[in-house]
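Computed from the coordinates by the stated procedures, all read-outs in this text should not be read as laboratory data. These numbers were taken from a predicted model, which means no experiment stands behind them. Counting neighbours? That spans all protein chains shown, and the Cβs are built from the backbone with ideal geometry, glycine included.
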Amino acid sequence: MNLSFLPPDMNWTCEPCGEKLQPGIVELQYVGSVFKVELPVCPKCGKALISEDLAIGRMLEVELLLEDK
Amino acid sequence: MEQKDLREWEARCIQEEPPACRAGCPLGLDAKGFVLAVRDDNLPGARAILEKSMPLAGLVARMCEAPCEQYCLRQSLGGSVAIGLLERMCINAVPAKTKFLRLPPRPKKVAVIGAGPSSLTVAFDLAKKGHPVTLFHLPGGPGSWLCKVPELVLSEGVLEEELQRLAGLGVNFCQVSVLGEALWTQDEFAAFYIGQDDEYVEGDLLKLGVPDSITFSLETERLFTGGLSVENHKYRFITDVSQGREAAVSIDRFLQGASLTAARVDLRHGKTNLYTSLDGLQREEVVVPADGLGYTKQEAIKEAARCINCECLECVKRCVYLKEFGAYPKTYARRVYNNSAIVKGNHQANKFINSCSLCGQCETVCPNDFSVATLCLDARRTMVQEDRMPGSAHWFALEEMRSARTEGALIRHAPGKDFSTSLFYPGCQLAGIRPQQTLRLYGYLQELDPATGLWLDCCGAPGHWAGRVQEFDEIMKELEEKWHEMGEPLVLTGCSTCLQMFREHLPQINVESVWVLLAEKPPESAKACAPMALSDPCTSRHDSKTQNAVRAMMEKIGQSLTPLPMSGELTECCGFGGLMQNSNPDLAKKVTAARVTQTSSDILTYCAMCRDQLARTGKPVAHVLDILFQDVAHPASEASPSISERRKNRRQLKSQVLSKYHGEQPKATEDWEAIALTMSPEVAEILEERRILEDDIRKVLFHVQQQGKVFVHGESGRKIASARLGQVTFWLQYTETDGSFMVESCWSHRMIIAGGSA
Ligand code: SF4
Ligand code: SF4
Ligand code: SF4
Ligand SMILES: [Zn+2]
């Protein structure tokens with residue numbers, strides 16, 4: 001899942017860091033699998049934003065796939 | 001599952017047993033497949049089925065006396081399907097294939113003596129296998145008595161054509177003046193077949209003795225015989241053909257030095273273990289050919305349509321879930337076995353295993369008691385044990401169970417009592433779905449017996465259904481201890497599932513359905529409504545006592561009940577059982593929809609979960625408590641409470657009991673409980689579908705208040721916050737005005753965000 005999941009609207013600011021979210025690489029893990037994806041991330045504290053579309057779409061699909069591995 | 005378990009499972013499902021017609025065909029022809037192909041106007045397909053099992057199909061299809069018909073299940077309902085006439089019609093309509101597959105030539109030569117039907121069969125079968133065959137016939141030409149069959153039945157051209165097929169397979173025809181012993185003592189042949197359905201030198205056949213009835217081998221090595229039917233035998237032709245075929249099998253084995261008997265498939269003579277229900281079938285008369293001789297294509301199609309397509313599928317016919325996965329239990333057992341055997345790759349049967357409602361209907365309707373429920377539950381347990389149960393499969397139900405067992409749980413004697421003669425155990429679903437009625441019922445039980453205590457808890461069924469043996473066993477132990485501490489009173493359950501769990505897993509506890517007690521003394525306030533169809537919960541399947549009690553109670557009250565076909569022992573699951581609704585919500589919806597369409601009346605039930613589940617379709621569904629206590633009745637058309645409401649209901653019921661009966665101030669609520677939320681009905685629906693509780697949202701917001709971490713949108717100022725709660729990360733988009741939160745959306749995932757950097 002080496003993919004990019006940047007929402008069209010990147011106009012989000014991390015509070016209280018006060019930083020605008022920027023594209024960044026995030027490590028996700030689930031049932032023993034680890035992979036890197038591109039997500040909006042706060043450059044200061046590193047917190048990532050998982051959008052609704054991603055969570056109920058591709059991410060859910062991959063979760064179910066991994067559970068059946 | 002071990003391989004031997006798989007064999008046992010497979011043996012139980014007889015769906016793959018042959019239909020009676022096939023079992024009654026001496027050649028084992030797939031007669032059902034053939035008839036159905038004719039029905040579907042697929043004549044080339046039908047002919048291909050004939051060719052597959054028949055030697056010299058052009059001949060056999062025209063001459064066979066169709067002994068299969070005597071076993072046909074259509075027989076008692078208008079007469080057996082005219083398989084023989086259908087075969088004739090088909091063979092006349094579709095030309096023969098000209099090319100035959102012949103195996104590579106083999107070295108040893110075979111002499112086939114005589115040219116009756118049995119000999120032609122042996123020549124055909126062995127030549128196809130590559131053996132060099134020489135057929136010895138009398139000057140009249142090959143065919144023996146077939147040459148005397150009237151032209152109308154078998155035209156000369158047909159026999160001619162079939163003989164050419166034999167020649168095409170390399171059969172060498174050799175004319176001799178007499179058939180006799182001299183022919184089966186020649187040295188150049190490795191084996192001899194003596195077809196007795198021809199004319200022989202007087203006395204020579206007598207010297208052969210009697211052949212083995214299965215292998216058709218004779219005392220003298222190398223000699224085989226057949227074609228033994230007497231002239232007026234009803235099935236003379238096909239019996240001789242069948243004997244020829246059996247002898248050919250033996251000769252082939254003999255030439256290869258193999259055992260004549262090992263793993264030989266016996267003729268079935270119509271015997272089969274296939275079960276086929278004739279329920280609801282109408283009588284239909286046999287189609288008689290207009291010309292008195294044979295069918296036209298249209299007549300044949302009409303006749304073939306009388307075939308009832310013999311098969312079992314008793315379980316599949318009734319179970320939406322078994323239908324959904326496209327096969328039947330024998331195949332499913334194989335899938336489940338493969339699923340556990342697989343090391344790398346996808347576990348494709350996980351979904352199947354986790355979708356069964358474990359309702360047990362299949363076992364009840366199966367002629368061999370095949371329990372898909374047991375198959376699936378065992379598989380679930382193995383998956384849990386081997387740590388490969390998908391985390392999401394039963395997660396929500398297990399969380400529900402754990403919540404009901406902590407924040408919703410309570411056990412007390414009646415106020416002012418230090419003992420209980422009985423404990424009312426409503427079950428977590430009744431408590432969550434109908435808290436006020438639960439309280440009202442408890443009040444009534446106290447009127448009947450003031451020493452009735454109350455026990456709010458979950459029976460652990462979700463843990464059991466999820467295959468979590470250890471967790472479930474611990475719950476059982478705890479429940480037993482609590483019961484023991486309360487002085488081991490009678491337990492009165494308000495839920496069939498709880499009753500089933502207690503009975504099956506804690507047999508030492510004396511337990512009864514509360515409806516059995518109420519059937520004796522229904523409350524005065526009980527009032528009948530319009531007639532309704534009573535739906536028994538699937539966990540009451542084998543509990544006729546409770547089922548009858550509910551009916552007796554309704555009769556006393558004057559509530560009339562309309563019939564529901566699948567009731568009592570045959571009742572169906574509402575879609576919640578076995579956690580189907582958790583692991584396969586789409587399928588559960590279909591199951592629920594199928595159940596409510598079985599009646600045009602409103603439905604009445606005595607299981608809170610059934611009420612909740614069935615009512616989701618929009619069908620009016622009442623709970624018996626709506627009839628028993630008019631003052632707290634809910635309208636049958638009322639929507640089901642949301643998952644959030646159910647949690648809140650359980651907590652509130654517990655504090656109400658504490659304050660009303662025991663004068664106790666309920667414990668202070670959690671900090672997060674005070675957070676005020678608003679949301680549109682659409683958002684509420686999204687939460688329900690995604691199984692996100694308002695409690696979860698409050699916890700996320702509380703987390704934000706503590707940590708102060710949140711994403712804010714540049715223009716709109718709306719916020720997104722998240723928190724990991726247990727195995728799930730919840731995300732929330734909202735706006736905040738004066739300390740009140742307007743929820744715009746909410747989503748979740750199970751993946752863990754290990755770390756990120758820009
Ligand atoms: S009822 Fe179902 S499981 Fe039983 S034999 Fe028939 S098809 Fe197989
Ligand atoms: S009804 Fe059809 S399938 Fe059943 S025995 Fe008769 S021909 Fe065969
Ligand atoms: S849902 Fe019920 S009838 Fe269907 S397979 Fe499972 S236990 Fe059997
Ligand atoms: Zn930050």
Inter-part distance where region B:1-45 and region B:675-714 are each reduced to a Cα centre, Å: 57 Å
Peptide A:23-30, shielding by other chains (average Cβ, 10 Å cutoff): 5
Which of B:ALA290, B:VAL596, B:VAL201, positive extreme of dipole for chain B (C-beta unit charges): B:VAL596
Spin-label model distance (nm) - B:ARG283 vs B:SER560, 7 Å beyond Cα toward Cβ: 3.4 nm
Calculated FRET efficiency for the pair B:GLN385/B:VAL632, C-beta based, R₀ 60 Å, to 0.05: 0.85
Where labels lie 7 Å past Cα in the beta-carbon direction, separation of B:ALA167 and B:GLU151 in nm: 2.2 nm
Cβ-based exposure ranking for B:ARG12, B:ARG611, B:ARG283, in which fewest neighbours within 10 Å come first: B:ARG283, B:ARG12, B:ARG611
Phi to ³J(HN,Hα) by Karplus 6.51 cos²θ - 1.76 cosθ + 1.60 over region B:491-506, Hz, x for Gly, Pro: 9, 10, 9, x, 9, 5, 5, 4, 4, 5, 4, 4, 5, 7, 10, 10
14 Å Cα-Cα reach of B:LYS234 towards aspartates and glutamates, excluding residues that sit fewer than 8 places from it in its own chain: B:GLU65, B:GLU69
Cα-based reach from B:LYS344 at 26 Å (exclusive), listing lysines while leaving out same-chain residues under 8 positions away: A:LYS36, A:LYS69, B:LYS4, B:LYS330
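What is the projected area of the convex hull of the Cα atoms of region B:638-729, averaged over all directions, in nm²?
With the hull built on Cα positions only, its mean projection is 8.2 nm².
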Amide hydrogen neighbours beyond the local backbone of B:GLY78, cut-off 5 Å, H modeled: B:GLU284
Normalised per residue, the volume of the convex hull around the Cα set of the protein assembly as shown (Å³): 221 Å³
Inter-centroid distance (Cα atoms) of region B:525-539 relative to region B:445-514, Å: 25 Å
Across A:LYS47/B:LYS667; B:LYS317/B:LYS521; B:LYS323/B:LYS521; B:LYS648/B:LYS719; B:LYS271/B:LYS545; B:LYS32/B:LYS128, pairs whose alpha-carbon gap is larger than 32 Å: A:LYS47/B:LYS667; B:LYS317/B:LYS521; B:LYS323/B:LYS521; B:LYS271/B:LYS545
Residue-averaged beta-carbon neighbours from other chains (10 angstrom radius) around B:698-711: 2
FRET efficiency, 1/(1 + (r/R0)^6) with R0 45 Å, evaluated for B:ASP671 and B:ARG503 via beta carbons: 0.60
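Can you give the mean number of other chain Cβ atoms that lie within 10 Å of the Cβ atoms in peptide B:737-749?
2
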Relative exposure of B:GLU524, B:GLU471, B:GLU572, judged by other C-beta atoms within 10 Å (fewest first): B:GLU524, B:GLU471, B:GLU572
Amide H contacts under 5 Å for A:GLY24, placed H, 5+ residues apart: A:LEU39, A:VAL41
Region B:535-658: C-alpha gyration tensor shape, a/c 1.5 cut-off, then a/b vs b/c: oblate
